[in-house]
1. Residue pairs, Cβ under 6 Å, 6 or more apart or interchain, first in segment 138-164 and of a type in the set (Gly, Ala, Ser), second in a loop (DSSP other than H, G, I, E, B) and buried (at least 17 other Cβ atoms within 10 Å of the Cβ). List them.
2. Could you please let me know if Ala66 is within 28 Å of Lys190 (Cα to Cα) and either of a type outside the set (S, T, N, Q) or touching a strand residue (DSSP E or B) at 6+ places or on another chain (Cβ under 8 Å) (or both)?
3. List, please: which pairs have Cβ atoms under 8 Å, are six or more places apart or on different chains, and start with a residue in segment 171-191 that is under 25 Å from Lys60 (Cβ atoms) and end with one that is exposed (fewer than 12 other Cβ atoms within 10 Å of the Cβ)?
4. List the number of the failed condition for Ala35; all other conditions in (1) in contact with a strand residue (DSSP E or B) (Cβ under 7 Å, 6 or more places away or on another chain); (2) part of a loop (DSSP other than H, G, I, E, B); (3) among the aliphatic types (A, V, I, L, M) hold.
5. What single numbered condition from (1) more than 26 Å from Thr13 (Cα to Cα); (2) of a type in the set (Phe, Trp, Tyr); (3) under 12 Å from the mean Cα position of the chain (by Cα) fails to hold for Tyr55?
6. Take Glu74 and tell me if it is touching a strand residue (DSSP E or B) at 6+ places or on another chain (Cβ under 6 Å), among the acidic types (Asp, Glu) and either at pLDDT 90 or above or surrounded by 20 or more Cβ atoms within 10 Å (Cβ to Cβ) (or both).
7. From the residues in segment 114-155 that are in contact with an Asp or Glu (Cβ under 6 Å, 6 or more places away or on another chain) and in a loop (DSSP other than H, G, I, E, B), which one is farthest from Leu177 (Cα to Cα)?
Amino acid sequence: MALPAKKERYTFTDVLTWTQDDHIELIDGKAYMMAPPSRIHQKASFEIGRQIGNYLDGKKCEVYPAPFGVRLFEKDGDTPGDINTIVEPDISIVCDRSKLDEHGCKGAPDMIVEVLSPSTLRHDRFVKLGLYQRAGVREYWIVEPETKTVQVYTLENGIFQTCAFYGPEDVAKVNVLEGCFVELRKVFAKE
């Protein structure tokens, strides 16, 4: 849901003045307030991050759970006032450590995972998919706890292609990390 319009356009300069408790994303200068995630959302997100994090132990890539600011389109020489898109994916995998700074990630992570909530379903499936494609994210997972499915997109010639669709008992391949797999039965474990 969009914030009441105090300003017509927000930038990273504004974000730097907000508190850490404010979970707000900027998309093309428009601010979107993020509702707190459900317990099931957090459980799925944590388990995917844990499995990928265990695989990455001792490797060059790093996994970051939300809240973690990603300035998708930041380029060298940009000032905070130039940056008008900042998202907080549920999970970000970054292999190029030169993209990391004290505020998060500047540029596209190698992989992003979004766990759907009823309030973010449309936003994650359409708006963010388009942003991540345009920014050059190499792999994008949309995790749907309600249906216990994972849809995987990989970037081919600048366009996201559906790579795989997994169910609750499948083992999902992480395409950008050679030899990395996520056991979805643990992600969607019954209560």
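1. none
2. Details: within 28 Å of Lys190 (Cα to Cα): yes; either of a type outside the set (S, T, N, Q) or touching a strand residue (DSSP E or B) at 6+ places or on another chain (Cβ under 8 Å) (or both): yes.
For Ala66, the condition - within 28 Å of Lys190 (Cα to Cα) and either of a type outside the set (S, T, N, Q) or touching a strand residue (DSSP E or B) at 6+ places or on another chain (Cβ under 8 Å) (or both) - is met.
3. The qualifying pairs are Phe181/Val171; Val182/Val171; Glu183/Val171.
4. It fails just one condition, (1).
5. (3)
6. Working: touching a strand residue (DSSP E or B) at 6+ places or on another chain (Cβ under 6 Å): yes; among the acidic types (Asp, Glu): yes; either at pLDDT 90 or above or surrounded by 20 or more Cβ atoms within 10 Å (Cβ to Cβ) (or both): yes.
Judged against the criteria, Glu74 is a match.
7. Within segment 114-155, the match that is farthest from Leu177 (Cα to Cα) is Leu116.
Rundown of residues vs (1) within 15 Å of Val113 (Cβ to Cβ); (2) crowded, with 19+ Cβ neighbours inside 10 Å; (3) of a type in the set (Gly, Ala, Ser); (4) touching a strand residue (DSSP E or B) at 6+ places or on another chain (Cβ under 6 Å), yes/no style:
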{"position": "Tyr153", "(1), (2), (3), (4)": "yes, yes, no, yes"}
{"position": "Cys163", "(1), (2), (3), (4)": "yes, no, no, yes"}
{"position": "Glu169", "(1), (2), (3), (4)": "no, no, no, no"}
{"position": "Val174", "(1), (2), (3), (4)": "yes, yes, no, yes"}
{"position": "Cys180", "(1), (2), (3), (4)": "yes, yes, no, yes"}
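The values are calculated or read from the model by the stated rules, or taken from the named source; none is laboratory data. Only a predicted model underlies this, so the values are computations on that prediction, with no experimental measurement involved. When we count neighbours, we look across all protein chains shown, and the Cβ atoms used for this are built from the backbone with ideal geometry, even at glycine.
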